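Below you'll find the structure, written out as C-alpha cells, and then a few comments.
The values are calculated or read from the model by the stated rules, or taken from the named source; none is laboratory data. Just so it is clear, the structure is predicted and the values come from calculations on it, not from any experiment. Cβ atoms come from the backbone with ideal geometry, glycine included; neighbour counts cover every protein chain shown. For the accessible areas, the whole protein counts, side chains as well, though only heavy atoms, and no ligand, DNA or RNA atoms are used. Shrake-Rupley method; radii C 1.70, N 1.55, O 1.52, S 1.80 Å.
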Amino acid sequence: MTTGFFSHPDCLLHEMGEWHPECPARLQAIEDQLIASRIDTLIERDDSAPLADEAALLRVHTQAHIDFLRNLSPKEGYAAIDPDTSMNPHTWQAALRAAGAALAATDAVIAGRYENAFCSIRPPGHHAEPARAMGFCFFNNVAIAARHALQVHGLERVAIIDFDVHHGNGTEAAFAGDPSVLMCSFFQHPFYPYSGTEHPMPNMVNVPIAARTRGMEVREAIDLLWLPRLEAFRPEMLFVSAGFDAHREDDLGNMGLVEDDFAWITEQVRAVAQRHAKGRIVSCLEGGYNLSALGRSVVAHLRALADI
Ligand SMILES: [Zn+2]
C-alpha cells in the first residue's frame, strides 16, 4: 500500500505579512523538494481536501472559539490574534481546508486506501487550544483528526506523536487525562509556549530537552521514554504533529536535529503502527521555517513513511 500526500491550494492563500516565517513558501519548498528528490511519482497526491465541517471542529473546539474566528475574519488587511498570529481574508478558508485535509486523510487511511498519509498543510495546529488560537495556529488539525478517528470511526485508542521543537500545548489541553489518547512529545525547554512541564497528566509523555541538544540524545530519550509507553498502549492508529523546526538549520528553534533524525523517528513510529495499528498513521505538518531544511526533512519523513 502506498502513502497519501494531502494538500490544497487554499492553504497557500493564508499569510500573515511579508516578514512572517510561517509563510506560503513553506509548502512550495516541500513541493520543490518532492520533485527534486524524485519521490513525487512514488506517493499518491490528493489535493481535494474538503472544508472541515463545524461538527468536526466542535469535537475539539468550543462554539465560542469557532464563532470568534469566523467573526474576526477580515474582508481586507489583517486581524491580529496575538503579536505573531493574524488572519487575512483567506485564513478562515485555509484553516478549514487544513483541518479538512487531516480529516480526509484519516478517512482514507481507515478505509484502507493508503497505509499512511502526510498532510502538507498550513496554518499549523498544535498550539491551538480548545478555546484559544495562538502561535500561528487557529484550529488543532491533529486533535480534530484524532477525535474524528475515536468518535466517528469508533477507534478506542489513538496515539499522538509531536516532534515539533515547541510544546504542543493545544493538543495537550485537548487530551490531558483522556485515557483513549496517549501523547508523546519532546520539545525544547525552556522555550515558547513555556508549557508541558508542570505536572502533566499520566497520558502525556512530555520530554523537555535543553537547547543545542543533538539528534543522538533525542533518539535515546525517545527509545527510553516514548517507545515503551507506545508499546504498552497498543494504539489502533497514530497521528503525528510533524514539525521540523528542531532542525539545526532552523532559526526558530535551537536544537540540533538533521534529516536522518526525522527519518529515524518516523521509522520508530511506523514500526509501532505496523505492530499494533495496521500501519495506520496520519502525519500533519506543524512548524519548520528554514525552507531548504524543511523541504529536505519532509522528504526524509515521507521516505520513511513510504519505506522507499
Ligand atoms: Zn514549532
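Side notes on the structure shown:
- Summed over qualifying helices (DSSP H, 4 residues or more, each -39500 (n - 2.57)) and divided by its residue number, the chain shows a 222 nm mean residue ellipticity of -11000 deg cm²/dmol.
- Loop trypsin sites (Lys or Arg not before Pro), the stretch 43-123, which have at most 13 other Cβ atoms in a 10 Å radius of their Cβ (DSSP): 75
- Relative contact order of the stretch 3-306, taken over Cα pairs closer than 8 Å and 6 or more residues apart, is 20 percent.
- Cα gyration tensor shape of the stretch 1-116, rounded if a/c is under 1.5, else prolate or oblate by comparing a/b with b/c: oblate
- Here the 3J(HN,Hα) profile of the stretch 204-220, calculated from phi with Karplus coefficients 6.51, -1.76 and 1.60 at θ = phi - 60°, is 10, 9, 9, 10, x, 10, 6, 4, 6, 5, 9, x, 4, 5, 5, 4, 4 Hz, Gly and Pro shown as x.
- Taking the DSSP bridge list for the stretch 3-306 and keeping only pairs wholly inside it, about 15 percent are antiparallel.
- Residues with amide H under 5 Å from that of residue 81, placed H, sequence gap 5 or more: 86, 87
- Max mean-square fluctuation residue, GNM over the chain, Cα-Cα springs under 10 Å, options 20, 61, 199: 199
- Working note: Karplus 6.51/-1.76/1.60 with θ = phi - 60° gives the stretch 70-78 the couplings 4, 6, 6, 3, x, 7, 8, x, 10 Hz, where Gly and Pro are set to x.
- Taking the Cα centre of the stretch 8-87 as origin and assigning +1 to Lys and Arg Cβ atoms and -1 to Asp and Glu Cβ atoms, the resulting dipole is close to 120 debye.
- Amide H contacts for residue 127 (H built 1.01 Å from N in the peptide plane; partners 5 or more residues away or on another chain; cut-off under 5 Å): 170.
- The chain - accessible surface per residue (Å², probe 1.4 Å): 38
- Computed on the Cα atoms alone, the convex hull of the chain gives a volume of 112 cubic angstrom per residue.
- Dipole moment magnitude, nearest 20 debye, the chain about Cα centre, only Lys, Arg, Asp, Glu C-beta charged: 600
- Phi to ³J(HN,Hα) by Karplus 6.51 cos²θ - 1.76 cosθ + 1.60 over the stretch 21-29, Hz, x for Gly, Pro: x, 8, 10, x, 4, 4, 5, 5, 4
- Accessible surface of the stretch 53-184, 1.4 Å probe: 50 percent of it comes from carbon and sulfur atoms.
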